[in-house]
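Note sheet for the following structure.
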Amino acid sequence: MAAMSTNDIPRQPNGVPTSPSAKGMTRVGSSLYANLQLPSKPKRPSIYGTDEDTTPDTDGLNYVPKDLVQHMLNNVKDKSRQSHNIFCELDTLKTFNGNLEWRESARWVKFEEVVEEGGKRWSKPHVASLSMHAILETRKYLMDGFQLLDLDVYSYGELTDKLLDDLIEGEYVDQKLRQYMRDILHKKHKHSHNPRPKSEKQGKLSTSASSISLYSNESQNGQAGSTVDAEGLLTQDYKPNSAFMRKIQKDSEVCNIMVGELDELDEPLLIFVRLKEPRILEGVSAVKLPTRFLLFIFGPPGSEKRCREMGRCIATMMIDDVFREVAYKGRVLADLIAGLDEFVEQVTVLPPSEWNPTIRIEPPQKVQSQLHRPVSMANLKEHGHEEKEGGHGDDPALASSKIPFYGLAQDIKRKLPWYLSDFKDGIHVQCLASFIYVFLGTFTPNVTFGGLLGQATDQYMGVMECIFAAAITGILYALFAGQPLNIIGSTGPMLVLEQIIYTLCKDNGWDFMPARCWVGLWTAGFILLIVIFNLSSLVKYITRFTEDSFATLIAIIFIVEAFSKLLSIETDHPVNFGNHPTDDICSCIYNCTVLNATGGHNMSLSSEHMDIWHLCHNSTNDVLSYNWNTTTCDLKAGTWSCKSAPYIPDVFFFSVLLFLGTFGLAVTLKDFKAATVFPTFVRQLISDFAVLLSIIIFVVVDIVCKLPTPKLTVPDKFAPTRSDRGWLISPVSDKNPWWLALAAALPAILCVILVFLDQQITAVIVNRKEHKMRKGVGYHLDMLIICITIVIHSILGLPWYVAATVSALAHINSLKRESETAAPGEKPQFLGCREQRVTALAIGILSGAAVFITNILRVIPMAVLYGVFFYMGFSALRGMQFVDRLFLFIQPVKYQPDLPYLRHVQLYRVHIFTIIQILCLVVLWVVKSIKLISIGFPMMVLATGVVRKMMEWYYTQYELSFLDDLLPGKHAEKTEERKHKVEKINFAFEPDPITVVGDKPITGVVDKKRPLFFVDEKENSTDSTYHL
C-alpha cells in the first residue's frame, strides 16, 4: 500500500510543511495567498518552451504557482495518473426520523446543480459562484488538513480503517472517537433519484451501507469491473441513476465530497483521499462509475454552510482542466496548493455591491477552449490544436508549385483515403432531409433557367437540356470531385454569355450549336492548363472581403428573384378589387327538350341542324353547350347565352400567404432545436426536416383550399426542346467558316474567367475554416471535373454548369453537425459538417429522373417554391460578418454585440470598411443588371480583390486580421504602442515594488515574482483576512 499522510511531510518548528525534496512549498506563519484578478490574467501552465530538467525555485518567497504546476505536469508521466473527466457529488450529513444519513445535495459534470427544497427536483445547471472567502478557507484547511495520496485499498471498510489509523496517529482525531467516526463515515447515502422505502418513512431505519464493499474484480488491463458485495450488506433500495449516466462521458471517474458537522470538533477538518486505482462505490455514488477521489469536510456545530462552501470550491476546481490534472498528478501537498493558487490566479472577483451571489449564472453559449494553455501532452494528442477561424492563405493545399499536376496529385492523395467514408457518412437521417430540401431548391431554378435560356437561344437549349445537364454534372461531380458538398447549377452570368454567343452567330449567319461546341472545347482546354500548372492555388488571394461581397450579391439575387416571381403571379391572376366579375362566359345553347318534342322528321332542317338534332336525341342532357362564336351559333340555329364568370379574387393573395408561410415556418422550425420543449432528439429531427415539413404543410393547405394557383411545370418526355436537333452536336458545319474554330478561343477566355471565379469563390466559401471540414480540400480536382463536364456538355449541346453559391451554402447549412448535450447545461457545440457524397449524388440522379415523377412535382405550388428561394437567400446571409457589420450602423453602442473586431478596431474604422464593401456590392449589382456591360461581371469580381489590396494603405495588418483575412505573406503585427499597452495591463506582477519603512522608501523588499496581494498574518495581524 502506497499512501502518504501529512505526518510524512517535513515541518518547520511552527508546524508549517516544508518542501520535501525541494518540490514542496514554503509557508511563512499562516499566510493566505490571495492573488486577486486584474484585467489581464496570467497565462495558464503550458508545456511549450519549457525545460523539464529545471526544477522551479520554491525556496523563500520565490513562489510562482504556475511554474510549480508546469514543472509537475511536465515531469509526472505515469500512465496510471492520466487524468479523466470527473463527476463530482456532494453529500451532506443530515438527520431523517432521528437517523443520520449522507444526503445528496449537489453535483457537477461541467456545471453545478443543486437539489432544491423538498429533495426531489434538481435545479437548472448554472456556473458556480464561489466566494473568495470560501476559496481562501479551502486553501487554509487543505494545508492544515490530512491527505492520503495513491491509497491502495479494496473495500470501503479497509479505506476507513486506514484513514482513521492515520488520523489518530497524526493526532487529528482522538482514539476514543474511532468507532464513532467509523459509524459516521458508513452511514447510508440517500440519493434523490431513489425514493425512500415505506419502512424508513415510518421511522424504521433500513439496512445501513456501512460495510459496502469496494472490491472490484478488475480485469488485467486495470479497468474497474463489477462490484462484489463481499459482506452482503448493500442496501436493497439503492439503484444507480442509469438515466443520468447518459449525460456523463464514458471514461469519467467520480469525486465524492462529504460534508458534515461533528460535535467533537473545534475547527473544520479537511481530508483529501486519492485512490491508487479507481473503485466502484455502489451505494455511495449516485452513478455506477469508479471513484478516484474522496474528500471529507467535517466542522464544529453551526459550520455546515461554511464547510459546504469549501466543498463547492473543491468540486468546482475538480471540474477545471488544470486543477484536475494537478489532482491526478500531484505528488505532495505542495502540488495541490500550487494548483489551487494557480486556479485563484484565473478567478474573476465580482464586487459585492454590484452582484447578488444568489443569482444563478446561465451556462455560456460556448465554453472557452482550454487548448491555449494545454495541461498535458495526452490532452494535446486527444483534442489537437484549435485552429483560428478565417483565411486560407496559409493552407498547404494551396501552396504554389512548378511541378505539373502537383496540386491535382496532392488533392487525389488527400481525398482518396476518405472516399469510402464519404458514402458511409451519408447514411444518416439528416442527409435525407438535406437531399430533399436542396433538390427542390436547385431543381426549380434549373427549370426557370431553362425557360430563360430557351428564349435567349431560340429554344436550342431549354428546360429539358437544363435538367439533363444538372443530372450529368451532379452525378460526375458528386462521385469524383474534391469537395462534393458544392452544388453545381446555373448562374446568371453564364446565361448572359450564352446569349452573347447566340446573338453573334445569328447576326453572322453561323450555325449556333457547332460554334458553341468549339467555344466549350477551347474553354475546357484552358481549364486543363489551369489544372496542369496548379493555377488554382491563386485562390489563396481571395479573402473574406471578396467572398462576402460575392456571396451577398448572389443571396440578394435569390431574394429579389423570389419576390419578383411572386409578383409575376399577379399578371396571370390579376387582383380585382371590385365586386363584379372581370369577364362573362358566353356559349351557344341548344334546348334538347324542345327539339326532341318537336321531332326532327317533322322539321325542314339543313344537314348542320340535323346533326344537332341527332346529338340531342342521343344525349341524356336537356341542354347542350358549345364554345362557338356568335356567327357559328346563328348558322346552327343555336341560342347565344352569357353568364357571369365564377369570380376567384384570392389566387394572388393566397399565393402570397403560401410564400410567406413557407418561409416563416421554415425559419421557425430550423431554430426549433434551441427551444425548451420536447427532448433533444425530437427538436433536432424537426430542425433537420424544417424546409421539407414547411413544403409538405403548405402543399396540403393548397390542395385543401382548391384554388387554381400556378404549379411547377416539368417536361413529361425525354427529348430535346427543338425537334430539329439531336443529343450529339458535331463541331463541323457547312455554314461556319474554318477559322471560326480558332476564333472561338476569344470568347472561351472570357468563359474561363467566369467559370474559374464562380467555381473557386464558391469553393473557398464552402471550405472556410469555420465550417470545420476535416477531409481536406480539392481545388485542383474540382477544376478537372468541371473541365470534363464542359467537354461533355459541349458535345451534347447542354448548358455549362458551375458551382452555385447559394445552393452550396444551403447544402452546407443543412448538414451542420452539433454535439449532443452531454453535460447538463452545456450548450451544443458546432462540430463541423457531415462531409459525404450521397446527398449530391442523389440530387443528380433525381434531377435526371424528374421526368418520371412529374405527377408528384406538379402538385407543388410555385409560391411555395418561391418561399424556399427566399429561405435559401436568407439563410445564406445569416451569420455573415458583412451583414453583422451593417446592423452596427443602427445599433447604439451599448447594445452592440461583443464581436472580436469591435474589441480591436475603432468603430468608425469598422464603418469605413463596411461602406467600401457596400460600394463594391453596388457596382457588382449595376454591372450585373445592365445587359450591355454584364459580360464584364467577372472582371468586376476580380476588381474587388484589387480594392482589398488597396485598403492596406489605410488599415494596418493587425486591423485587417479581425476585419478580413490576411493576404499570403502578411502578418498581424501590433504597433509598439499597442504592445506597450497590452504588456502593462496586469500590474499584479510588477517588478520591484516600493515599500516605505519609517521615512525611507526601500525598493525590492518584496521579490519581483511574489504577487502584491500576498497577506502575511504574522507580519500584519490586523489585516482584514486575519479571521480566516
(request) Note down the accessible area of Glu770, probe 1.4 Å, to the nearest 10 Å². (result) 40
(request) Between Cys705 and Gln896, with labels modelled 7 Å along Cα→Cβ, what's the label distance in nm to one decimal, could you check? (result) 4.4
(request) For region 317-339 and region 845-914, write down the distance between their C-alpha centroids in whole Å. (result) 47
(message) At 7 Å along Cα-to-Cβ for each site, give me the label-to-label distance between Arg903 and Lys717 in nm.
(response) 6.6
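Using 0.36 nm per residue of separation minus the Cα-Cα distance, give me the extension gain between His193 and Val677 in nm, one decimal.
Details: separation 484, 0.36 × 484 = 174.24 nm, distance 2.24 nm.
That works out to 172.0 nm of additional length.
How long is the gain from Glu116 to Asp161 if the chain were fully straight, where each residue apart is worth 0.36 nm and the alpha carbon distance is subtracted? Don't jump to the answer; show the numbers that get you there.
Working: separation 45, 0.36 × 45 = 16.20 nm, distance 3.44 nm.
Stretched fully, the Glu116-Asp161 segment lengthens by 12.8 nm.
How much length is gained if the chain between Val127 and Arg182 is pulled fully straight, taking 0.36 nm per residue apart and subtracting their Cα-Cα distance, in nm to one decimal? Intermediate values should be presented prior to the final figure.
Numbers: separation 55, 0.36 × 55 = 19.80 nm, distance 3.46 nm.
Full-extension gain reported as 16.3 nm.
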(message) For Val575, project a label point 7 Å along Cα to C-beta. Then give me every residue of region 658-681 with its amide nitrogen under 18 Å of that point.
(response) 658-661
(request) For region 392-454 and region 129-184, compute the distance between their C-alpha centroids and round to whole Å. (result) 61
(request) In nm, give the distance between the simple-model label positions of Leu528 and Phe423, each being 7 Å from the Cα along the Cα-to-Cβ direction. (result) 2.9
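What FRET efficiency, computed as 1/(1 + (r/R0)^6) with R0 = 22 Å and r the Cβ-Cβ distance, is obtained for Leu886 and Gln957, rounded to the nearest 0.05?
Details: r = 24 Å, r/R0 = 1.11.
Taking R0 as 22 Å, the efficiency between Leu886 and Gln957 is 0.35.
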(message) Going by average Cβ density within 10 Å per residue, which order do the peptides 73-79, 889-895, 435-441 take, highest to lowest?
(response) 435-441, 73-79, 889-895
(request) Based on the mean of other Cβ atoms within 10 Å per residue, sort peptides 284-295, 170-181 so the most packed one is first. (result) 284-295, 170-181
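The values are calculated or read from the model by the stated rules, or taken from the named source; none is laboratory data. Only a predicted model underlies this, so the values are computations on that prediction, with no experimental measurement involved. Note that we place each Cβ from the backbone using ideal geometry, even for glycine, and neighbour counts take in every protein chain shown. Ligands, DNA and RNA are excluded from the accessible area calculation, which covers all protein heavy atoms including side chains. Shrake-Rupley method; radii C 1.70, N 1.55, O 1.52, S 1.80 Å.
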